[in-house]
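Asker: Quick one: structure below, then a few questions.
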Amino acid sequence: MIHPLIIIKSLRIIGAIMILMSCGANVSADCIDPVRDEAFRRSDLVFAGELIRFVPATNAYTFRVSQVLKGEPHPQVVVFENDFGVVEFSYSFVPDTKYLVFAENKAGRFVTGGCRGNVVLGITAERRRQLRADFEAKPPDYLLLLFALGGLLCHVEWIWSKISSRPASKDP
């Protein structure tokens, strides 16, 4: 039998990964994620990089660039969220996370947003260590385990009710 603490830690890690992967565009029906070819074509700068700094006052994100796919190579790039004056959905970048960023050059600065096709590539080793330490520092969440067991019991009961409510077969 698997120890409940292992199950809880696994659920937390899966939850953290799902949350991280959902840290993309805040989209609605008006914002359709572009096909990568189209996003590449309309961008002036496409790079893979790690977010290392964010300045909320200016919506400026600084990335350490690991690979440039289009545009001038730079060791670091500052990308602004959205073009001021243009309404577009924002993109929630998370520190210590690697991204594929699609940006346009608008008046001498690089701009990106939720409808540009940005992609999470992964998390850094430092972020993994931080997440692991956070999970190990917290006491087990027995309430989560209780809800999971309750859900399992409800499903078993539902299946049992379907099996037991079948009409009995008649022997010839």
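Read-outs: derived from the displayed coordinates by stated rules, not from any lab. Worth saying up front: this structure is predicted, and the values here are computed from it rather than measured. A quick note on method: Cβ atoms are made from the backbone with ideal geometry, for glycine too, and the neighbour counts reach across all protein chains shown.
Asker: So how much slack lies between Arg36 and Glu72, counting 0.36 nm per residue of separation and subtracting their Cα-Cα distance, in nm?
Answerer: Working it through step by step, the gained length comes to 11.0 nm.
Asker: Full-extension gain between Ala148 and Arg64, please, as 0.36 nm times their residue separation minus the C-alpha to C-alpha distance.
Answerer: 26.2 nm
Asker: In sequence order, what are the phi-derived ³J(HN,Hα) couplings for the stretch 115-132 according to the Karplus relation 6.51 cos²θ - 1.76 cosθ + 1.60 with θ = phi - 60°, rounded to whole Hz, with x for glycine and proline?
Answerer: My calculation for the stretch 115-132 gives 9, 9, x, 4, 9, 6, 9, x, 10, 6, 4, 4, 5, 4, 4, 5, 4, 4 Hz in order.
Asker: Which of Leu145, Leu45 comes first, and how do the rest follow, when ranked by fewest Cβ neighbours within 10 Å?
Answerer: Arranged by neighbour count, lowest to highest, Leu145, Leu45 become Leu145, Leu45.
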